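The values are calculated or read from the model by the stated rules, or taken from the named source; none is laboratory data. None of the values given here were measured: they were computed from a predicted structure. Positions of Cβ are generated from backbone atoms using ideal geometry, with glycine treated the same way; all protein chains shown enter the neighbour counts. The area values use the complete protein model at the heavy-atom level, side chains included, leaving out ligands, DNA and RNA. Shrake-Rupley method; radii C 1.70, N 1.55, O 1.52, S 1.80 Å.
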Amino acid sequence: MKTVFERPKSLQDVKTHYCPGCTHGIVHRLVAEIMDELQIREETIGVCPVGCSVLAYNYFNCDMQQAAHGRAPAVATGIKRVLPDKVVFTYQGDGDLASIGTAEIIHAAARGENITVVFINNAIYGMTGGQMAPTTLVGQKTQTSPYGRDPKSAGYPIKMSEMLATLNGAGYIARVSVHDIKNINRAKRCIKKAFETQINKQGFSMVEVLSTCPTNWGMHPLDALKWLEENMIPCYPLGEYKTPGEVK
Amino acid sequence: MKILMKGNEAIGEAAIRAGCRFFFGYPITPQSELPAYLARKFPEVGGTFLQAESEIAAINMVYGAAGAGARVMTSSSSPGISLKQEGISYIAGAELPCVIVNIARGGPGLGDIQPAQSDYFQATKGGGHGDYKLIVLAPASVQEIVDLVMDAFDLADLYRNPVMIIGDGALGQMMEPVEFKERKKIKLPPKDWTTTGMMGRKQNLINTLDLDPEGLERHNLKLKKKYDEIKKKEQRCEVIDCDDAEVIVVAYGTAARVVQTAQKRLRKEGVKVGIIRPITLWPFPEKTIKQYRDKVDSFLTVEMSTGQMVEDVELAVGGKAPVYFYGRTGGMIPTPGEITREVKKLASGGCK
Ligand SMILES: Cc1ncc(C[n+]2csc(CCOP(=O)(O)OP(=O)(O)O)c2C)c(N)n1
Ligand code: SF4
């Protein structure tokens, strides 16, 4: 019988704790499929953040380190400097990467640290119950912006991909979304390019993935996908912000 | 062969000789000669020196590198060490070996850059959150810096525990002759827990999270068992002229150097004074203090703080003799004259 669908070797055979309809799971699968395809699972060290994906070490079937909130790029730097020929990636949320860990991500990119970052932008703090994130949209209601994010006091969303693309050390920077099949396939191509950038030693690579948090957005998973498409993409345009050229 | 070296540079050279090839740090006075030395020397030995964006980043790089199996070091001074505390707690929780140097300065806050011992509590009682301990080594000379830095890497690997070297600007800047002695190799446990890529084995994980309280309690009790073993085996101190002493002065690091000058003078004058100089601040050398607590009239603790180690001295003495304190703080160093005066107040014939 022909196998048409199976679990990537790079994913462990366990149930995840993610909420129903959360797109974290889709991105996990993409990363795992890429590890399988590039045959790097046995030489990869992943770094999980503090956030909903804190338990990612239970899901990825490779060596893992669990980092303090925001510090995954620093931890990954330490690993990569010791093991320059291994593949090192971080998987981080937007509170982790774009708030408490902004210094670490900017300087990892500026140093051209040869690591890959998978950045989940769901415009909210998922794990702690739905507080405003640096990426929360203007007007978006959260637990800590109950009347909608007011730029007068809470400022504006941070566009990490655009910012990091200005740095010479960044080899590959792209923003993708996972709200439909077409975009999921595109997201996979971009994440794969990011890993290839690292394997080819072309510097820092990051893919920002627009993602949903149905639970804390207070939406049905399907409505959340639609909300992402209609509200997040206009604020966070998709595309490749920086490519190393040589990478196909 | 002896060579003349500055304390901070001696830390760097000792680390290199101990096989350390990774250093992550952020500039701060008065430890700057150490990163400068390593930045200069590491390229010759294939080491990696990285100036991080902050102390927070530096200590988390140490976490990553230690988890990947490297002998790794970071250094800073008081305010920077405060910033590292979350990372140190993670490193202790994940049982990662590494060496952390604190060339301490006057505090609180930005304080000053003069020698101080006011980070004793932070170093020995936790500093960061959670039930954990660092092994804390306090050298009092440049030669001892060299010996203890080398010991530190071995102790870290032996116990899978972070080790802190604590000194101050006086020790860091002082130049003394040192010898890099041939060391006997000790047997260290295999590093089979590191994350280096699975390469056919099962997943290795460096982690401090355990959402199951029973599991986390088990982990804490396992750590406690390790700390108990360290307490039993690793207490170190220097004992000077204590056998006939009426007064024992307890002091470490730079303060102990001054106390030694004062003690020699006092002995010449016939005052029966001895010194216990803790070399490990944690584990605190309580066993030695207990040996003497019934024999002396009193203890005097001298520190460059308003009184921190004195609490551990009191605990060890356990009420068997009075424990007095003399300290200078904010970057001031006590003079031999001040210490002589304090001891005379306590010694027999002196007016208390
Ligand atoms: C130093 C520190 N501060 C705060 C927290 C609490 N905390 C845990 S997860 C989190 C936010 C995570 O949000 P995000 O990075 O957006 O990831 P998500 O949960 O949305 O995937 C916070 C603030 C912590 N664990 N450590
Ligand atoms: S809280 Fe949000 S981000 Fe976290 S698992 Fe649930 S849906 Fe996903």
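Express the Stokes-Einstein translational diffusion coefficient of segment B:237-347 in µm² s⁻¹, to the nearest whole number, given a Kirkwood radius over alpha-carbon pairs, 4 °C and a viscosity of 1.567 mPa s.
Working: Rh = 13.4 Å.
Once the numbers are plugged in, D ends up at 96 µm²/s.
By the Stokes-Einstein formula, at 1.002 mPa s and 20 °C, the protein assembly as shown with its Kirkwood radius over alpha-carbon pairs has D equal to 83 µm²/s. Legend: calculated FRET efficiency, B:Lys222 to A:Glu37, from the Cβ-Cβ distance at R0 = 60 Å, rounded to 0.05, equals 0.90. Calculated over chain A, the projected area of the Cα convex hull averaged across directions stands at 13.1 nm².
Which parts of segment B:1-22 would a label at B:Lys191 reach, counting a residue when its backbone N lies under 20 Å from a point 7 Å out along Cα-to-Cβ? Within reach of a label on B:Lys191: B:12-22. Per-residue extension of 0.36 nm, minus the Cα-Cα distance of B:Asp112 and B:Arg201, leaves a gain of 27.0 nm for this segment. Across B:Met198, B:Met61, B:Met164, mean-square fluctuation computed from a Gaussian network of chain B (C-alpha pairs under 10 Å connected) peaks at B:Met198.
Database remark: amide H of A:Cys19 closer than 5 angstrom to no amide H (H placed geometrically; neighbours at sequence offset of 5 or more, or on other chains; Pro and chain starts carry no H). Note on A:Leu55/A:Ile233: beta-carbon distance plugged into 1/(1 + (r/R0)^6) with R0 of 35 Å gives a FRET efficiency of 0.75. Which translational diffusion coefficient, to the nearest whole µm²/s, is obtained for segment A:143-220 from the Stokes-Einstein equation, given a Kirkwood hydrodynamic radius over C-alpha pairs, 10 °C and 1.306 mPa s? Stokes-Einstein gives a translational diffusion coefficient of 108 µm²/s.
Based on Cα atoms of chain B, Rg over Rh with Rh as the Kirkwood radius reads 0.99. Residue by residue along A:17-23, Cβ atoms of other protein chains within 10 Å of the local Cβ number 0 on average. When the solvent-accessible area of chain A is split by element, carbon and sulfur atoms take up 55 percent of it, the probe being 1.4 Å.
When peptides B:135-141, B:212-218, B:312-318, B:24-30 are sorted by average Cβ neighbour count within 10 Å, with the highest value leading, the order is B:135-141, B:24-30, B:312-318, B:212-218.
Taking a sphere under 13 Å around the Cβ of B:Ala14 and counting the other residues whose Cβ falls inside, with K and R at +1 and D and E at -1, yields a net charge of -1.
Placing pseudo-labels 7 Å out from each Cα toward the beta carbon at B:Arg183 and B:Arg40 gives an inter-label distance of 2.3 nm.
Only helical DSSP H runs with n ≥ 4 go in: add -39500 (n - 2.57) per run for chain A, normalise by residue count and round the 222 nm mean residue ellipticity to 500 deg cm²/dmol.
After summing the helix terms and dividing by residue count, I get -8500 deg cm²/dmol.
Average accessible surface for segment A:185-248: 46 Å² per residue, computed with a 1.4 Å probe over protein heavy atoms with every protein chain in place. Decide, for segment A:2-119, between rounded, prolate and oblate: order the square roots of the alpha carbon gyration tensor eigenvalues as a ≥ b ≥ c, take rounded if a/c falls under 1.5, and otherwise choose prolate if a/b is larger than b/c, else oblate. Taking the square roots of the gyration eigenvalues as a ≥ b ≥ c, segment A:2-119 is oblate. Using bins of 10 Å that start at zero, the share of Cα-Cα pairs per bin across segment B:162-220 amounts to 13, 21, 28, 22, 15, 1, in whole %. Taken over segment B:19-106, the convex hull of the Cα atoms encloses 78 Å³ per residue. Taking 7 Å steps out from each Cα toward its Cβ at B:Thr306 and B:Asp243 produces label points 4.2 nm apart.
Using a 1.4 angstrom probe on protein heavy atoms only, the contact between A and B buries about 2600 square angstrom of accessible area, both sides summed. With a 10 Å cut-off around each Cβ of B:205-216, the average count of Cβ atoms from other chains is 3.
Between B:Leu211 and A:Thr128, the C-beta separation translates, for a Förster distance of 25 Å, into a calculated FRET efficiency of about 0.95. Simple point charges give the picture: +1 on the Cβ of Lys and Arg, -1 on the Cβ of Asp and Glu, and for the protein assembly as shown a dipole about the Cα centre of about 680 debye.
The charge dipole of segment A:24-242, taken about its Cα centre with unit charges on the Cβ of Lys, Arg, Asp and Glu (plus for the first two, minus for the last two), comes to roughly 280 debye. The amide H of B:Ile206, built 1.01 Å from its N in the peptide plane, has A:Met64, A:Gln65, A:Gln66 as neighbours under 5 Å, considering only residues 5 or more places off or on other chains. In this structure B:Cys237 has an accessible area near 40 Å², from a 1.4 Å probe over the protein heavy atoms. Per-residue SASA remark: B:Arg265, around 110 Å² accessible (1.4 Å probe; ligands, DNA and RNA not included). Counts of other chain beta carbons within 10 angstrom of each beta carbon in peptide A:33-46 average 2.
Note on A:Met163: accessible area is roughly 80 Å² with a 1.4 Å probe, heavy atoms of protein only.
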